[in-house]
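Data block below; observations after.
The values are calculated or read from the model by the stated rules, or taken from the named source; none is laboratory data. This one's a predicted model, so the numbers in the text were calculated from it and none came from an experiment. In this analysis, Cβ positions are derived from the backbone assuming ideal geometry, glycine residues included, and neighbour counts consider all displayed protein chains. Keep in mind that these areas ignore ligands, DNA and RNA; they rest on the heavy atoms of the full protein, side chains included. Shrake-Rupley method; radii C 1.70, N 1.55, O 1.52, S 1.80 Å.
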Amino acid sequence: MAKVLCVLYDDPVEGYPKSYARGDIPKVERYPGGQTVPSPKGIDFKPGVLLGSVSGELGLRPFLESQGHTLVVTADKDGANSAFERELPDAEIVISQPFWPAYLTAERIAKARKLKLAITAGIGSDHVDLQAAIERGMTVAEVTYCNSISVSEHVVMMILALVRNYIPSYQWVVNGGWNIADCVSRSYDLEGMAVGTVGSGRIGTAVLRRLKPFDVQLHYTDRHRLPADVEQELNVTFHPNAESLVRVCDVVTINTPLHPETEHLFNDALIAKMRRGAYLVNTARGKICDRDAIARALKTGQLAGYAGDVWFPQPAPKDHPWRTMPHHGMTPHVSGTSLSAQARYAAGVREILECWLGGRPIREEYLIVAGGELAGAGAHSYSAGNVTGGSDEAARFKK
Ligand code: NDP
């Protein structure tokens, strides 16, 4: 019987919800492109309830315990004395969400002698040292596509919020003011601007599609070019690299995984090549940007605004400069964990567990690492290596 160790974020400060704003969520049958949504044999939760926090347990307990497996759920994940570190040595399966990542460093993988499977309840497995997972022969899987559309909606929201100066204007209202000139002296129309995505996978392409009706000029760069008919339909210009793209864009959105090729891609040198007063939206991973270079660029005006929901490490220390830098629109890591997205990734985790525990193969598109190499979606979009360095800083959040 397997021990499953599941790391989830804390319940709401006022306790697990007793009711919700809406009675249900729309049913999505397929993703764009035809991939089917998760299809486990059963689920033990009502779609639309909070599943990603400790009491929600991703709806997994009845299923696992009825088969004799052990489920341990904790939010205490950072530092040598954390519950995660204590429970890890005899765990066979670790489940973690990128929003509240249980960093599986090489040291932790070495301690976890029985660990065979790391499941990301969401998308983005950079919190696992993929090189160490490859060398150990572990399987790493994520729920590909489960929240890509959720994030693309968030990207559009953040672009509009920055360009139109929404957040400071809202704040004037909350503070009892009516200061129109203060609100609009940094407010523009998106119409006519050049908007580019670094990465045109599931999220990047969905962002392009959503922005097309805004009458902007669209640009993208990616390791693989989009099909010619899609380029034509979106009227989008391809760039061979990020450098070429940022030179011509007023708004840049980052939509690649974090892996050795993209770590600190947006550093002082690349930001200096952006148009002065450009906006940068990063919902991909915090470490794709150089933390201090972003804060510097906002202070000098090289960037007019920065928004996103991803930080490094997570949770971000209380003194992280992105909490206080000017003209930012940061949130905690939330875009991919709407109640709608949670229902999909909880079902996806259940599907992966049913396959693993039942001795059946996991869907190819969910695989990141398998059989000692990058596999499935991982082989397409990642490069091998480790980007977890510095994640132990997350323990500072508690202090
Ligand atoms: P996809 O795999 O569909 O897309 C990623 C794209 O990035 C691929 O097209 C890939 O290229 C491209 N890419 C990889 N490396 C590079 C590079 N060096 N230069 C240019 N392009 C590159 O994933 P999604 O769109 O679904 O998700 C993207 C990322 O967004 C995730 O990995 C995750 O980190 C983040 N994310 C954030 C969430 C949140 O809540 N904020 C939720 C979900 C995801 P190709 O495959 O062509 O080689």
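Please go through region 255-269 and give me each residue that is hydroxyl-bearing (Ser, Thr, Tyr) and under 14 Å from the mean Cα position of the chain (by Cα), ordered by number.
Scanning region 255-269 gives a single hit, THR256.
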Could you go through region 364-375 and let me know if any residue there is away from the ligand (no atom under 15 Å from the Cβ) and within 23 Å of VAL7 (Cα to Cα). yes
Taking SER340 as the residue in question, decide whether it is within 11 Å of the ligand (Cβ to nearest atom), open to solvent by less than 50 Å² (accessible area, probe 1.4 Å) and within 23 Å of PRO47 (Cα to Cα). no
Residues that are of a type outside the set (Gly, Ala, Ser), more than 15 Å from THR221 (Cβ to Cβ) and out of contact with any helix residue (DSSP H, G or I) (no Cβ under 7 Å at 6 or more places or on another chain): does region 233-246 have at least one?
yes
Taking region 137-170 and keeping residues over 19 Å from the mean Cα position of the chain (by Cα) and open to solvent by 80 Å² or more (accessible area, probe 1.4 Å) leaves ARG164, TYR166, TYR170
Discussion item. Can you find a residue that is within 24 Å of the chain's Cα centre (by Cα), over 26 Å from SER152 (Cβ atoms), of a type in the set (Asp, Glu) and open to solvent by 60 Å² or more (accessible area, probe 1.4 Å) anywhere in region 34-45?
Written reply: no
For region 367-398 the number of residues that are in a loop (DSSP other than H, G, I, E, B) and in contact (Cβ under 8 Å) with a residue 12 or more places away in the chain is 10
Hey, ASN267 within 20 Å of MET193 (Cβ to Cβ), within 16 Å of the ligand (Cβ to nearest atom) and at pLDDT 95 or above or not: no
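Among the residues of region 299-325, write down those that are more than 16 Å from the ligand (Cβ to nearest atom), surrounded by fewer than 24 Cβ atoms within 10 Å (Cβ to Cβ) and closer than 24 Å to GLU153 by Cα.
ALA304, GLY305, ARG323
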When restricted to LEU211, LEU226, LEU234, the only residue more than 19 Å from CYS289 (Cβ to Cβ), open to solvent by less than 60 Å² (accessible area, probe 1.4 Å), away from the ligand (no atom under 12 Å from the Cβ) and within 23 Å of the chain's Cα centre (by Cα) is LEU211
Of those in region 190-208 that are surrounded by fewer than 21 Cβ atoms within 10 Å (Cβ to Cβ) and not charged (D, E, K, R), the residue farthest from the ligand (Cβ to nearest atom) is GLY192
Requiring at least 3 residues that are more than 16 Å from the ligand (Cβ to nearest atom) and under 30 Å from ALA384 (Cα atoms), the helices (runs of 4 or more DSSP H) wholly within region 120-180 are 130-136
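Determine, yes or no, whether PRO332 is of a type outside the set (Asp, Glu), in a loop (DSSP other than H, G, I, E, B), within 26 Å of ASP10 (Cβ to Cβ) and open to solvent by 20 Å² or more (accessible area, probe 1.4 Å).
Yes, satisfied.
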Scanning region 46-59 for residues that are hydrophobic (A, V, I, L, M, F, W, C), open to solvent by less than 30 Å² (accessible area, probe 1.4 Å) and touching a Leu at 6+ places or on another chain (Cβ under 6 Å) gives LEU51, LEU58
Selection from region 214-223 of residues open to solvent by 20 Å² or more (accessible area, probe 1.4 Å) and either near the ligand (Cβ under 8 Å from one of its atoms) or part of a loop (DSSP other than H, G, I, E, B) (or both) yields ASP215, VAL216, ASP222, ARG223
Listed by first then second residue, the pairs whose first member lies in region 331-350 and is closer than 28 Å to HIS320 by Cβ and without any contact (Cβ under 8 Å) to a residue 12 or more places away in the chain, whose partner is open to solvent by 10 Å² or more (accessible area, probe 1.4 Å) and within 14 Å of the ligand (Cβ to nearest atom), with beta carbons under 9 Å and at least 6 positions apart or on separate chains, are none
